[in-house]
Amino acid sequence: MSGAHEYIFKYIIIGDMGVGKSCLLHQFTDQKFMTDCPHTIGVEFGTRVIEIANKHIKLQIWDTAGQERFRAVTRSYYRGAAGALMVYDITRRQTFHHLASWLTDARNLTNPHTIIMLIGNKLDLAEQREVSFEEASRFAQENGLIYMETSAKTGENVERSFIETATKIYQNIESGVLDPNSVESGIQVTTTLIEPAREQQQSGCSC
Amino acid sequence: MSTPSSPCSTSPVTPCSPISSNNSSFLEDVECINNWIDCFAICSFDIELGQKIDFFYPSTYSERVDKIQQSNIAYLAFPDGGTQPTKNITNFNYAFRLKDEHNVAASENEFVFGHVVYRQKKDSSVHRGYVMKSLVLLTRHPYIKLHRYLVQRISDAYFIEENINVLHDVMTQINKWPYPKTDFQFALPFQGHRVSYRTPSYTPHPSIVRFLNSTPEAANSIKTNIYKKSKVDIKKDVNGRVSSVAPVTPLKERLLGRKYVLQHELNFYRHFKSHLSHLHHMWELVLSGEPILVLSPTAGECSSAVMALVSLIAPIPYKGDYRPYFTVHNSEFRSLPNSNIIIGVTNPFFVKALQSWDNVLALGKSKPKKSPQLLSNPLENLLALSPSKLQQALTSGPSRESLTWEFKECFITKSKTIVKGTLEGLVDLNDDDKNREGAETLNNDQIKRHFEELTESFLLPLHMCFDSLVCSLKTFIVRSEHEKVFKKERFYEYSKKKWL
């Protein structure tokens, strides 16, 4: 029900193709792993209501196609994201190298307070690892990102990554860093929808 | 409209001519000589590139369209977000419409229709486990039901083995058909069946569109004044000739069994059952050239709904641009006009991107039980919302089963309605109705009839004006140095005196 949560946080999941963006989303929203996951065409969505500090928060997650060719279009989706999950595949070094360019996009196209989380996915394939935890951790530190390694397959850390990002966003609201009423914040306060009478400036016709 | 022949019914033909053998592997591509279709395009979602065209059939088509058009076709051949079910086989059948400006063979302002079957098939032998392909049929004719049927049958046959000879055989069969013509009952042999199809009575000709566009003031004035719109259409019907073309009444049309373009190919009731109370408002918006954004979770739903909207004002042909399905990747995305356009999309990003559009129609999964509650949604409340909140209002809660993004069914508009009306005589339908299809058809006929009559009554004063002996179109046309100018003020004055 739309009245059951107080905030909506918009997330965007970015990263090279095949790093497991859709699987992360699916694991988080449905607690299931899709062994075969069709390519994301365009943009997909998922939502889940979580609880932080006794507040119900709905995460609205935009999952994008990773193909390089879609970069221009993906850029349009960033606006108004409160959180960005930047995903690479720990078993493919190349996907780690591309992070710099993803990060540039994310920094340029979101507001300064957007929480960006770095996610090294496919932890279940740790024996094929090409990027060490330390190296990624250093990259995250240098760029002021939260870092976590996850496995969309086993579900390890998936929930934590989404919730930790949400917690940071919530803390920013609490401390006044983020204004939830600004469109750019990527946060929507749902009470305005429950009491819409307050916003009734324009009178429209009802049909 | 009940006519003895259903628009696209089939009957088996025996004995059927044997389909040419599939043994020969070096068949030359067959062109469609009688114009029923332009070509086929086989498209796939490539892991590196995304949407791409594998090939055209006949392959010569690729020489006729430039790279931009090819990429437009490739993008339109796939769902832009929305549902991505993980079933064994998923099939989507939908239509799009595309400006044919990049086709060297096409004349200016021509459009091409694309009918798509998107097929997503589980296949553990490929990376990521799914084959994602589309078969597209391109045609210049608005024969929606026929082409939808054809593309489904052709793709069913083609995707069994992805055998190009299927396309070869289809072209050979279609080449035996007579040439298409308007307002004609066809019996077309196809894959051992006889497809019975009645073509619509009027197909807007590109030269007419050009004629209309040549009067910029006519185009500009359309938006705000309904009368202006009708003026244009009268001119369209007359097509430059000053003559007393008798208006064809709906009754006469029905007796003749004629069909209007698009109108008889779609089920209004099915698409708009949650929005019946808004249909009059929509009729007005379509008539006055207001931009309308149609959002729905699937390309099939939005493409049908857009075409239904366009034909809501039949027998007036819709003059503006319409795109039953449109994606953010289309080359025209950044240059969409702000009026005289209706587009269908599945990507909710459009709600943001087209903030200046005043009218949004969101269609959800058909859940009849929910609709009464949604209909009572006070629209005023939504109007005051900022775009981001509007988007939030349009998109609803979590769906546990899948990643499917569900839209809240709603209709949001900033324009006021002038025409009030009620739809009467609709059959109540329950979810578990056994005779569902029959009742839907009845309701659909009722809606079509109602709006046809509404359009006719709107046109009546104009028809009377142009038919009367005292007054002819000449009265309002002034010959200036280089061109004839339609004096709308004179016309309004005359109309006011006579009927108001």
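All of the numbers you see were taken from the coordinates with simple rules; none came from a lab. Fair warning: this is a prediction, and the values are worked out from it, not measured in the lab. Cβ coordinates were reconstructed from backbone atoms using ideal geometry, including for glycine residues, and neighbour counts include every protein chain displayed.
Structure data summary
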read-out: Neighbour net charge for A:THR165 - beta-carbon separation under 12 angstrom, K R +1, D E -1; value: +1
read-out: Modelled FRET efficiency - R0 35 Å, A:LEU125 with B:ILE89, Cβ distances, 0.05 increments; value: 0.75
read-out: Per-residue average of Cβ from other chains inside 10 Å of B:45-51; value: 6
read-out: Intensity falloff of region A:67-107 expressed as log10 I(q)/I(0), Debye formula with alpha-carbon point scatterers, at q = 0.24 Å⁻¹; value: -0.91
read-out: Shielding by partners, peptide A:42-54 (average Cβ within 10 angstrom, other chains); value: 5
read-out: Under the Debye formula (equal points on every Cα, no solvent term), log10 I(q)/I(0) of region B:41-188 at q = 0.09, 0.12, 0.13 Å⁻¹; value: -0.29, -0.52, -0.61
read-out: Projected label distance in nm at B:LYS414 and A:ARG107, using a 7 Å step from Cα toward the beta-carbon; value: 3.7 nm
read-out: Within a Gaussian network of chain A (alpha carbon springs, distance under 10 Å), most fluctuating of A:ALA106, A:ALA140, A:ALA152; value: A:ALA140
read-out: Cα-based equivalent ellipsoid, chain A: semi-axes from gyration tensor eigenvalues, Å; value: 31, 18, 17
read-out: 20 Å cut-off, amide nitrogen to a point 7 angstrom out along A:GLU51 Cα→Cβ, residues in region A:17-36; value: A:28-31
read-out: Mean Kyte hydropathy of -0.5 or more with a Cα span along the axis of at least 20 Å, helices from DSSP in chain A; value: A:158-174
read-out: B:ASN175-B:ASP54 FRET efficiency (beta carbon distance; Förster radius 22 Å; 0.05 resolution); value: 0.40
read-out: Other protein chain Cβ atoms within 10 Å, averaged over every residue that makes up A:59-69; value: 4
read-out: Set A:LYS10/B:LYS133; B:LYS176/B:LYS448; B:LYS414/B:LYS484; A:LYS10/B:LYS87; B:LYS145/B:LYS448 screened for pairs whose C-alpha atoms are more than 26 Å apart; value: A:LYS10/B:LYS133; B:LYS176/B:LYS448; B:LYS414/B:LYS484; A:LYS10/B:LYS87
read-out: Links that overshoot a 25 Å alpha carbon limit, given the list B:LYS319/B:LYS416; B:LYS319/B:LYS487; B:LYS319/B:LYS420; B:LYS67/B:LYS259; B:LYS273/B:LYS416; value: B:LYS67/B:LYS259
read-out: Size of electric dipole in chain A: Cβ of Lys, Arg +1 and of Asp, Glu -1, about Cα centre, debye, nearest 20; value: 340 debye
read-out: Packing-based order for B:31-43, A:73-85, using average beta carbon neighbours within 10 Å, highest first; value: A:73-85, B:31-43
read-out: Stretch gain in nm, segment B:HIS193-B:ILE160, where the contour uses 0.36 nm per residue and the Cα spacing is subtracted; value: 9.9 nm
read-out: For region B:119-195: span of alpha carbons on each principal axis (Å, largest first); value: 49, 22, 18
